[in-house]
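The values are calculated or read from the model by the stated rules, or taken from the named source; none is laboratory data. This one's a predicted model, so the numbers in the text were calculated from it and none came from an experiment. Virtual Cβ from ideal backbone geometry, glycine too; neighbours counted across all protein chains shown. SASA here: full protein model, heavy atoms, side chains in, ligands and nucleic acids out. Shrake-Rupley method; radii C 1.70, N 1.55, O 1.52, S 1.80 Å.
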Amino acid sequence: METEQELNQLLEEEEDGLEEEEDGVDEVLVEEEENEDTGRVENDVTSMDEDALEEDEEAPTRKRKAERDPPAADQEKPQGDAEGSDLSNDEEGAEVIEEEEEEEEEAQVLADAIPWRSSAGAATSGVESLVRDGDLVVVYERHDRMKALRVTKGGILQNRYGVFDQGAWIDKLHFGSVAYAKQFPKKDGAKKEASKRGGQRKRMNGSRQDGFVYVLRPTSELWSLVLPHRTQILYVADISTVVMHLRLRPGMRVVESGTGSGSLTHALYRAVAPSGSVFTFEYHGVRADKAREEFVDHGIDLKSAAADSGKGGVWVEQRDIEQLGFPTDGELYPEGSVDAVFLDLPGPWKAIPSATKCLKVGGTLCSFSPCIEQVQKTLEAMNEENVFYRMRTMEILLRPYELRTEKFNLMTEPGELVAPRTFSAGKDPSRFVRQPSESRLMAIPSEDMRGHTGYLTFAQKVKFDK
Amino acid sequence: MTTSEGVVCEGDHVVLDVNNGERLVVTHVTRKTKVKLSKRGYLNVYPLLGHAYGTIFEVSADGKHFKVGSKETLSVLNGSFNTTKTERNNANLVDDGTAQKLSHEEIEKLKSEGISGGDLIEKLVENSATFEGKTEFSQEKYKRKKQKKHCVAFVLCRPCSQLVCEAYFKKSPQRICGLRVDTVSLLLSFANVRAHGRTLVLEESNGLVLGSVLERMGGHGEVCAISPYLDTKEKLLEVDGGANKHHHVKTKGPSMEIVKYFNFEEEIISGATFATMGELIEAKAAEAKAGVEEERAEGVGTSDRGSVEADAEANGKEVESSERPGKKQKRENGTHGDNAADGGEHQKRKFYFPRKASREQMVELVRSGFSSLILAAPSYSPESLIDKLACILAPSASFAIFSPWLQPLADCRLFLHKAKLAVGMQLSETFWREHQVLPGRTHPHMNMITGATGGYILAGTMTAEVLRHDRSSDCEKRAIEEAAERARERQAEAQAEQKKKEQKEEEQKEEEQKEEEQKEEEQKEEEQKKDLEEVSDVSLPMPEEEAKED
């Protein structure tokens, strides 16, 4: 779990002492799940949260005291600090509002394949690129620190770069803009950390520093980087290959199992939107519910499965596909009417017979498995069906590159002596030249390349002479 | 288009997937088209008419006819999955060409009698002296080999981005600038190409990327394909008053040849236009002059009469000013339609291509900017392209740039980073390979049919800096700057001349003064010398002075 790692990091960093508070601020919006997992951390986080909200002028000694006494700090209201208490109240309030909006969401004309925005904010601004009330945005701190959130009028975002007022973004900030913190926790350690990470605008007088973040419009790719992980997910290389080899185009009907964290589901729907639909099955009840919430929140849920109203969406259902197979009763979709089937199951071979029934002639099936033994069994099952053509198995990996500017030493002319590091007494420095060198920008494969994700097996269902 | 349950129409392009992907043949279904699928003969594809996509066909032994295949065709093709181990080995196997007892003539005879592929292979197996002694693995390999040689089967496929790309990549990768199918799919994903988006495409893959984008968007939203010329027709005409006959080269759209293979319906193409880079950027500059613009568009524009007419009229205008470009364009548009239009009773396929964007369309496109950008033009420096194009992108637009080389993308990334134009950038390459999966014989394919490399991709998200990064008025700015420079130079020259004059005058004065002074000095010196000579002979005169005196 990504967030768990963050918490671990947090714990480690806490030992550095100076960075405690700043990290605490960073984790204010940690999900409930994580808090359950690590109760101790939760307490610390909350206490530091309160501290962070206090005015910069607060005496450091008081903060220390509060930290040492976590349960008390939980209840303790910041004293004589109007702004601080306002912020914390706002934040709680914002969460409540957010939930209400999600419930109130109604069908709207799709502005985009995946609208990412709630209907509440739809009318507030004419300019497309402006952040609206209720928009889902991706807050970009660094390439590996991003976070999705719904913008709300009173919403407050806190991270290591400061305290951000979301209300100030609405109808003013373009997507892709820099958002500056309105308040930055004043602490030496925090400053040091923040400026080290680069998300800092320095003021020349050095009295205060404003942190900043970028506010980006979500895409399917960004979403797969920020989504709450409920399972292992597919990333862009596999996703794009699946979409391409399933030969998806708008209007198609796709069946998927399991839903998992919904990373692929978003991409599948993006490819078949607006009139196509994705039927996705997940055997884990809680995951299915969470996924459904997300699709509703993003405005891509299929309102009713049966009606072919021309408007598509994503349909989530809890169903154990390995046990029960895909539904072939025609309630969700007629038998033999599905353009593509995607399987990401521990035992995909069990789902092959029903998947074959769902598929239409010319439709494509794909199975994703991390182990080659799974692939073998799946291919055997597919072969037994004797309707699949061009069964192919492939793996695809993304090799990321980093950029570095390296300095190269150059050869000197004969007779030119390169100055040694240190001059011993009696040597004349004027007899030496400086080591000539040149700097070059170069790309080098990144260290953190994924070695394996899974094998993708594709096959096409064909039609015969009767 | 919404379901893939189509049948082949006359004039359609289809992809024939031969022998489990061994070959991919893209062909046009007309009366005359013939393709060579086996060594023996040319196959007339016209009878494919009316067949459903996804149907398997078996080519007859003479290679000239085909019929719909049966389950047996498929099982022969796919082979068996049951062989898992072997007790034998191939120690006694000698390859001297005498193992097969059936002669070439006999095989041909069997074929001409119309034997089915499966039966023929059985015959071959029966008459092979060494077959029984082979390991089970070798036996299967033998069958597969014979199957490929003697019975050709193919599946009729609807053309799609994946198949067209793979077909080209296998046959002539240079025509699609080495774009491998995984790279194309990543470009589409990274650039967030989707329905209801606005996509800007600059490519040199002869329409492969454009076709893929159009397929992905399915007629929802807008696509603009641009050619990388900064000149606009007006500017070129300004330069030489229409004397240059090759203006059309610089103002026409990019090559879109491959787009036709996708069989796009009219509604898929409806949102697609083409323009040159210069025209769009100019439209942006015009659009930026907000209030005035609307009146202007009304004045210039041919309004809502449909872009064909608008285009024709635009062409008409061109004819007036510079004969050729307009005519040629007209002819081009004409021929695309005519291809499919010659007579026939069957339902005919028409090919639709993106049309030239009208002025209003361009203004409309650049008003809110493109939300996706794909650059697949390896012959241009990506940073120079994106520097120019940034101003017509929407803030937070997703972009993906392809290059077969790493270094240009590295430079581009640095440029974007320094200009704060993009965040979340990722420079990557894909590693893609296929595996043979058979019980006991699973391994990656020996020959990298996927190619050694698919090229590199730089992807990321544009920041709102695009709103300020305006290169559209560069020309104007430059003109102003140049004018200012010239004025400055003139001033400087004038000043310099004045100064010179003054200096000269001063110099003259000074010279005069100096001369006077010198005279005085000389007089003085002479006097002094005389004095010195008179005073003492002992003083040490300098040698020069001595010489002078001499």
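Only one entry in B:Ala400, B:Ala464 is in contact with a Leu (Cβ under 9 Å, 6 or more places away or on another chain) and closer than 22 Å to B:Phe169 by Cα, namely B:Ala400.
State yes or no: is B:Leu427 more than 7 Å from every other protein chain (Cβ to nearest Cβ) and open to solvent by less than 20 Å² (accessible area, probe 1.4 Å)? Judged against the criteria, B:Leu427 is not a match.
One line per residue, one yes/no per condition, for (1) more than 9 Å from chain A (Cβ to nearest Cβ); (2) surrounded by fewer than 24 Cβ atoms within 10 Å (Cβ to Cβ); (3) within 27 Å of B:Val29 (Cα to Cα):
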site: B:Lys141; (1), (2), (3): yes, yes, no
site: B:Lys149; (1), (2), (3): yes, yes, yes
site: B:Leu156; (1), (2), (3): no, no, yes
site: B:Cys165; (1), (2), (3): no, no, yes
site: B:Lys171; (1), (2), (3): yes, yes, yes
site: B:Ser185; (1), (2), (3): no, no, no
site: B:Phe190; (1), (2), (3): no, no, no
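Against the list (1) open to solvent by 40 Å² or more (accessible area, probe 1.4 Å); (2) within 9 Å of another protein chain (Cβ to nearest Cβ); (3) free of Cβ contacts under 8 Å to residues at least 60 places away in the same chain, the condition B:Asn78 fails is (1). The residue that is nearest to the chain's Cα centre (by Cα), among those in the range B:213-226 that are farther than 16 Å from B:Leu365 by Cα and more than 9 Å from chain A (Cβ to nearest Cβ), is B:Val213. Restricting attention to the range A:317-338, the residues that are open to solvent by 10 Å² or more (accessible area, probe 1.4 Å) and either in contact with a strand residue (DSSP E or B) (Cβ under 7 Å, 6 or more places away or on another chain) or touching a residue at least 60 places away in the same chain (Cβ under 8 Å) (or both) total 6.
Check whether at least one residue in the range A:392-406 is more than 14 Å from chain B (Cβ to nearest Cβ) and loosely packed, with under 12 Cβ neighbours inside 10 Å, and report yes or no. No, because not a single residue in the range A:392-406 is more than 14 Å from chain B (Cβ to nearest Cβ) and loosely packed, with under 12 Cβ neighbours inside 10 Å. Regarding the range B:51-63, can at least one residue be identified that is in a helix (DSSP H, G or I), within 14 Å of chain A (Cβ to nearest Cβ) and at negative phi? Among the residues of the range B:51-63, not one is in a helix (DSSP H, G or I), within 14 Å of chain A (Cβ to nearest Cβ) and at negative phi, which makes the answer no. Of the residues contained in the range B:194-212, one or more are found to be small (Gly, Ala, Ser), within 11 Å of another protein chain (Cβ to nearest Cβ) and more than 21 Å from B:Val25 (Cβ to Cβ). Annotation: of all residues in the range A:217-269 being open to solvent by less than 10 Å² (accessible area, probe 1.4 Å) and of a type in the set (D, E, K, R), the one that is nearest to the other protein chains (Cβ to nearest Cβ) is A:Asp238. Of the set (1) assigned to a loop (DSSP other than H, G, I, E, B); (2) in contact (Cβ under 8 Å) with a residue 12 or more places away in the chain; (3) not β-branched (Val, Ile, Thr), all apply to B:Ala91 but (2). Among the residues of the range A:272-281, none qualifies, meaning not one is at pLDDT below 95, assigned by the TED database to the domain that holds A:Val361, surrounded by fewer than 21 Cβ atoms within 10 Å (Cβ to Cβ) and not small (Gly, Ala, Ser). Where helices (runs of 4 or more DSSP H) fall entirely within the range B:134-245, those with at least 2 residues that are among the hydrophobic types (A, V, I, L, M, F, W, C) are at B:161-171, B:181-190, B:208-217, B:233-240.
Against the list (1) more than 30 Å from B:Leu406 (Cα to Cα); (2) assigned to a loop (DSSP other than H, G, I, E, B), the condition A:Ala459 fails is (2).
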